[in-house]
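Presented below is the structure to which this report refers.
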Amino acid sequence: MRRSTRLFEIIQILRAADGPVTAEVLAEQLEVSVRTIYRDISALQAMRTPIEGEAGLGYVMRRGYDLPPLNFDAEEVEALRVGLSMLARTGDSALQQAAQRICHKIEALHDPADWLQVAPWGAPADDPMRGCVSVSLLRGAIREERKLRLTYRDGDDNETDRVVRPVALIYHLECTMLAGWCELRQAFRNFRVDRIWSCEPLEMRFIGQGNTLREIWQEQDRWEEWGPTVQ
């Protein structure tokens with residue numbers, strides 16, 4: 001997370017909080033050290049952001065400090081709430097955390113809507129502690145146009161090592177799939193994320209090829225109409 005983004009998130013967390021928030025809690029939510037939080041708070045205070053408190057006691061945002069309200073009507077806000085809640089069904093833990101942060105921002109500006117409920121069942125969570133590959137890592141490789149080395153097991157439990165140029169993620173109800181150009185097969189393949197047993201981002205990149213590869217993949221697989229071909 002960039003420092004500017006982190007500073008903005010600190011402001012949002014403090015605005016949404018009902019009471020003082022300690023540096024330890026902020027550090028855990030933003031996945032940085034407590035020392036980094038202390039530096040960030042000092043930087044925000046130096047920029048005259050009305051944050052009050054001190055180390056060990058917690059921090060609060062002084063009343064009256066606000067950002068322009070989100071310009072959404074009632075149905076647009078409800079659409080956002082439902083869509084963000086459905087991210088819990090993708091198994092993408094990083095997107096789930098981002099969705100929670102957005103929900104906190106919406107709730108700070110709008111009345112709660114507890115009557116909107118989305119069932120949480122869907123793809124299994126991508127918990128690295130359980131040996132699952134982080135979907136956030138895959139998304140990062142697509143953005144950076146970076147090759148991945150995968151160990152993959154297909155539906156018949158055959159294991160192969162491949163180098164893939166990732167081009168897209170497809171979120172289904174029960175699984176997430178990675179689409180990419182497979183250098184082993186010299187063709188596009190769609191890999192179920194829950195069958196990827198290891199994943200290593202490589203130094204090799206394919207800068208400038210991502211959009212073209214995506215267009216060719218979409219034309220060949222026509223997944224929007226027929227559904228993708230699973231590896």
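Read the figures in this text as sums done on the coordinates, not as results from a lab. Remember, predicted model here, so these are calculated numbers, not experimental data. So basically every Cβ, Gly included, is an ideal-geometry build from the backbone, and we count neighbours across all protein chains shown.
Quick look at the values:
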quantity: Amide H partners (placed H, <5 Å) of His172, local residues excluded; calculated: Met177
quantity: Cα point-scatterer Debye curve for the stretch 138-189, base-10 log of I(q)/I(0) at q = 0.14, 0.20, 0.26, 0.31 Å⁻¹; calculated: -0.36, -0.73, -1.11, -1.25
quantity: Quotient of Cα Rg and 2.2 N^0.38 Å for the stretch 1-62, N being how many residues it contains; calculated: 0.96
quantity: Sparsely packed trypsin sites (Lys or Arg not before Pro) within the stretch 130-220, loop by DSSP, other Cβ within 10 Å at most 13; calculated: Arg185
quantity: Cleavage-rule hits, GluC sites (Glu not before Pro), the stretch 9-39, DSSP coil, Cβ neighbours within 10 Å at most 15; calculated: Glu31
quantity: Additional length obtainable on full extension of the chain from Asp157 to Arg101, 0.36 nm per residue less Cα span; calculated: 16.3 nm
quantity: Label point at Leu202 placed 7 Å out along Cα→Cβ; residues across the stretch 169-183 whose backbone nitrogen lies under 13 Å; calculated: 181-183
